[in-house]
Amino acid sequence: MKRLTRYALYVTLLAFLVLGRAGRSGAQEPPANPADKLPPPADKPKPNRDNATQNAPDQPKWDPLRAERDMQVGQYYMHKGDVDAAIDRFEDATTAKPGYALPFRLLGEAQEKKGLKRQAIKSYTRYLDLYPKAEDKDKVQKKIDKLYKEVEKEKKSSN
C-alpha cells in the first residue's frame with residue numbers, strides 16, 4: 001500500500017510539472033485591453049514623487065537626524081582642513097535642529113579658525129544660551145572674551 005501511495009504521488013507530481021510547463025509554453029495570455037495602455041486623463045495630476053521637493057523652502061526644516069549627520073560631516077571637514085565646508089555643514093545643522101547647542105559650539109570653533117571673529121562670538125554665545133550648564137562653559141566664555149578683545153583692538157586700529 002505504501003509503494004502504491006508513493007507511486008501515485010510521484011505520478012501526480014510529474015503530471016503537474018509536465019502540464020504546468022506545457023501550459024506556460026503553449027498558452028498565450030489574452031490580448032491586453034487597449035484602454036489599459038492609455039495615459040491617465042489630463043485632469044488628474046500625478047502625485048509628485050520627486051525627492052528634491054523635500055528640500056524645497058516650503059518643506060519643514062527641522063530634522064534632528066540630518067543635524068547629527070551634518071555635524072559628523074562638518075567634523076570630518078575640520079579634521080581634513082576644509083574649514084569653509086565645515087562651516088557650511090555646521091550652519092546646516094543649526095538650521096536642521098535650532099535648539100541643539102553643540103552645532104553652535106562647533107560652528108564657533110570653525111569660524112574662529114577661519115578668522116570670522118564676530119560670527120564666532122555669536123555662535124559661542126548662542127551655544128552658552130542654549131546650554132548654560134555646559135561642562136566647558138568657562139573655556140567657551142574665555143574664548144568669547146578673547147575674541148571680543150581682538151575685535152575691539154581691530155576696531156581701534158582701523159580708526
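The values are calculated or read from the model by the stated rules, or taken from the named source; none is laboratory data. Worth saying up front: this structure is predicted, and the values here are computed from it rather than measured. Cβ placement follows ideal geometry from the backbone for every residue including glycine, while neighbour counts extend to all protein chains displayed. Just so you know, the surface numbers come from the protein's heavy atoms only, side chains and all, with ligands and any DNA or RNA stripped out. Shrake-Rupley method; radii C 1.70, N 1.55, O 1.52, S 1.80 Å.
Overview of values
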| quantity | calculated |
| --- | --- |
| Candidate set from the range 105-116 (those that are among the hydrophobic types (A, V, I, L, M, F, W, C) and in a helix (DSSP H, G or I)); member that is surrounded by the fewest Cβ atoms within 10 Å (Cβ to Cβ) | L106 |
| Any pair with Cβ under 7 angstrom, 6 or more apart, that starts in the range 138-159 at a residue that is at positive phi and ends at one that is modelled with pLDDT of 90 or more | none |
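Each row is one residue, and each column tells you yes or no for (1) over 26 Å from Y148 (Cβ atoms); (2) open to solvent by 50 Å² or more (accessible area, probe 1.4 Å); (3) outside any helix (DSSP H, G or I); (4) in contact (Cβ under 8 Å) with a residue 60 or more places away in the chain.
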| residue | (1), (2), (3), (4) |
| --- | --- |
| R66 | yes, yes, no, no |
| V73 | yes, no, no, no |
| H79 | yes, yes, no, no |
| E91 | no, yes, no, no |
| G99 | no, yes, yes, no |
| P103 | no, no, no, no |
| R118 | no, yes, no, no |
| K122 | no, yes, no, no |
| Y127 | no, no, no, no |
